[in-house]
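A.B. asks: The structure under discussion is supplied below as structure tokens; questions concerning it will follow.
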Amino acid sequence: MRTHARRQVLHAVAGSLMLGAAPRILQAKPAALRIGVMLPASGTYAPLGAAILQGMRLALQESGGQWAGRPVEFLTVDDESNPSKAPEHANRLIARDKVDLLIGSVHSGVALGMAKVARESGHLMLIPNAGANALTGSACAPNVFRTSFSNWQTIYPLGKVMADQGIKTAAFLTWKYTAGQEYAEAFAQGFEAHGGKVLTSLTLPFPQLEFGPLLAQIAAARPQAVSCFFSGSGAAKFLLDYARSGLKDKIPLYVTGHTTEGILHALKGEAEGITSVLHYADGLPNAKDKAFRQAWKKVSKLPVDVFAVQGYDTGLVLAQALKATQGDPTAKVMQKALEGIRISSPRGDWVMSKAHNPIQDIYLRQVVGQQNLYKGIAAKALEDPGSNCRLS
Ligand code: PHB
């Protein structure tokens, strides 16, 4: 018997002896799993945090409110997408709240800060969004697993899509922080590998929304297309400003799907026709997705998006791995169950890579009304290069 489970039984035995009632051993309630969750509940990424949490709760609800027979408690913290507070938040969840494992976050900088704490404490950490390449690359760790994507994965395939449509020059625009910088780099890598040229790559500080001056510089550079990485409510503001500036009718947008995901209901056609790539889409030909969307409608008024799916998949991953470890959440035991885990997801089936990142299909999509409509597969079973990941 695993140490954790054994401890629970010993507690139960001690309790029942004190009560002098031997049959209570069989009725002993397993201790609740304490899961520390760091997500943004304020700021531009707040809608992503809400969707991820709701997705996890839905997965838990579908397994009867228990994983491996253990009730589950989520101890949530609003991390404000603020990397400087991440170590303090993660340390508090571990030291004060005595969580068994950590889940987080949306923002790459926050996740990098959390991972540092997790590497020191040895707690299992699951990343339900943040794409920082290093988390499953140069800074990979035996106890850190990602259920979402790497930043590289969700833009690299765009270059081929654009080249196939005859586009030879582009401008890039993003927030200046880890994720934005990685999107700019991987976009250039994919576009240049297919003969394209990035004329200009512009940034503004996260999470600023003053896009006007950058749009003027883009107009002056006269690229054939514009690409960018924005997300959450900031992405909606960008798409609105792009359309209102008059650029949308002159220079088409080709973007990572993060920029058009989860926000179309807040726009009135300003995103119509935009092409994107992402590991999820509306109208996927997949039965698991249809069932998920029906279940989602019962728990949320918001439209389904990739963030909801990532939260849901984080729950599926935990359910499956905890079943294999008989409810033991310690990283050393979970590692074996998580490596190579195969998940049947609304996004399509995916497998955990050696570097602990999903190997998954990346879809081509186009905005039609309020949907990011599935148009085909941009990259089949795409694996992040996981450069310099050494796991002992
Ligand atoms: C990130 O900071 O890694 C990030 C945030 C939001 C996204 C994607 C990546 O939609």
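A.B. asks: Write down the accessible area per residue of the range 158-278 in Å², having rolled a 1.4 Å probe over the full set of protein chains.
C.D. replies: In whole numbers, the range 158-278 has 39 Å² accessible per residue.
A.B. asks: Per the 1.4 Å probe, what fraction of the accessible area of the chain, in percent, lies on carbon and sulfur atoms?
C.D. replies: Percent of accessible area from carbon and sulfur atoms in the chain: 53.
A.B. asks: Tell me the mean residue ellipticity at 222 nm calculated for the chain from its helices only (DSSP H runs of n ≥ 4, each -39500 (n - 2.57), averaged over every residue, nearest 500).
C.D. replies: Taking each H run of at least 4 residues, the total per residue is -11500 deg cm²/dmol.
A.B. asks: At R0 = 30 Å, how high is the FRET efficiency between A337 and A139 if r is their beta carbon distance? Nearest 0.05 is fine.
C.D. replies: In this case the efficiency is close to 0.85.
A.B. asks: For the full complex of protein chains and a 1.4 angstrom probe, list R293, R57, R390 by accessible area with the highest value first.
C.D. replies: Correct descending sequence by accessible area is R390, R57, R293.
A.B. asks: Separate question: So what's the angle, to the nearest 10 degrees on a 0 to 90 scale, between helix 3-19 and the longest Cα principal axis of the chain?
C.D. replies: It is inclined by approximately 40 degrees.
A.B. asks: Which value in nm describes the separation of the simple spin-label points at K380 and Q165, placed 7 Å from the Cα toward the beta carbon?
C.D. replies: 2.3
A.B. asks: Return the tail of the calculated pair distribution for the chain, meaning the percent of Cα-Cα pairs more than 34 Å apart.
C.D. replies: Value for the chain (Cα pairs over 34 Å): 28 percent.
A.B. asks: Still on this structure: At 1.4 Å probe size, with every protein chain present, just tell me what the per residue accessible area of the range 286-370 comes to in Å².
C.D. replies: 42
A.B. asks: Starting from the 7 Å offset along Cα-to-Cβ, what nm value, one decimal, do you get for the label separation of Q371 and K297?
C.D. replies: That separation, rounded to one decimal, is 1.3 nm.
A.B. asks: At 7 Å along the Cα-to-beta-carbon direction for both L209 and Q189, put a label point, then send me their distance in nm to one decimal.
C.D. replies: Rounded to a tenth, the inter-label distance reads 3.2 nm.
A.B. asks: In whole angstrom, note down how far apart the Cα centers of the range 38-82 and the range 133-211 are.
C.D. replies: Between the Cα centres of the range 38-82 and the range 133-211 lies a distance of 27 Å.
A.B. asks: Between K98 and E73, what is 0.36 nm times their sequence separation minus the Cα-Cα distance? Round to one decimal in nm.
C.D. replies: Here the segment from K98 to E73 would lengthen by 7.8 nm.
A.B. asks: While we're here: Please identify the GluC sites (Glu not before Pro) of the range 154-234 that satisfy two criteria: DSSP loop assignment and at most 16 other Cβ atoms within 10 Å. Which are they?
C.D. replies: E210
A.B. asks: Hey, another quick one. Which loop trypsin sites (Lys or Arg not before Pro) in the range 177-263, with loop taken from DSSP, have no more than 11 other Cβ atoms within 10 angstrom of their Cβ?
C.D. replies: Sparse-neighbourhood loop trypsin sites (Lys or Arg not before Pro): K250.
A.B. asks: At most 14 other Cβ atoms within 10 Å and a DSSP loop assignment: could you name the trypsin sites (Lys or Arg not before Pro) in the range 302-364 that fit?
C.D. replies: K354
A.B. asks: How many angstrom separate the Cα center of the range 227-247 from the Cα center of the range 331-392?
C.D. replies: Measuring centre to centre over Cα atoms gives 27 Å.
A.B. asks: Next up: Could you give each residue of the range 109-115 its phi-based ³J(HN,Hα) in whole Hz, using Karplus coefficients 6.51, -1.76, 1.60 with θ = phi - 60°, and x for Gly or Pro?
C.D. replies: x, 5, 5, 5, x, 4, 4
A.B. asks: So for D328, D164, D361, what's the accessible-area order with a 1.4 Å probe, most first?
C.D. replies: Largest accessible area first, the residues go D164, D361, D328.
A.B. asks: log₁₀ I(q)/I(0) of the range 158-278 at q = 0.11, 0.18 Å⁻¹, via Debye over equal Cα point scatterers, no solvent, to two decimals?
C.D. replies: -0.30, -0.88
A.B. asks: Give me the number: length gained by fully extending A220 to N388, i.e. 0.36 nm times residue separation minus the C-alpha to C-alpha distance, one decimal in nm.
C.D. replies: 56.5 nm
The values are calculated or read from the model by the stated rules, or taken from the named source; none is laboratory data. If you're wondering where the values come from, they're calculated on a predicted model, not measured in any experiment. So basically every Cβ, Gly included, is an ideal-geometry build from the backbone, and we count neighbours across all protein chains shown. When the accessible area is computed, the model is the full protein with side chains, heavy atoms only, and any ligands, DNA or RNA have been set aside. Shrake-Rupley method; radii C 1.70, N 1.55, O 1.52, S 1.80 Å.
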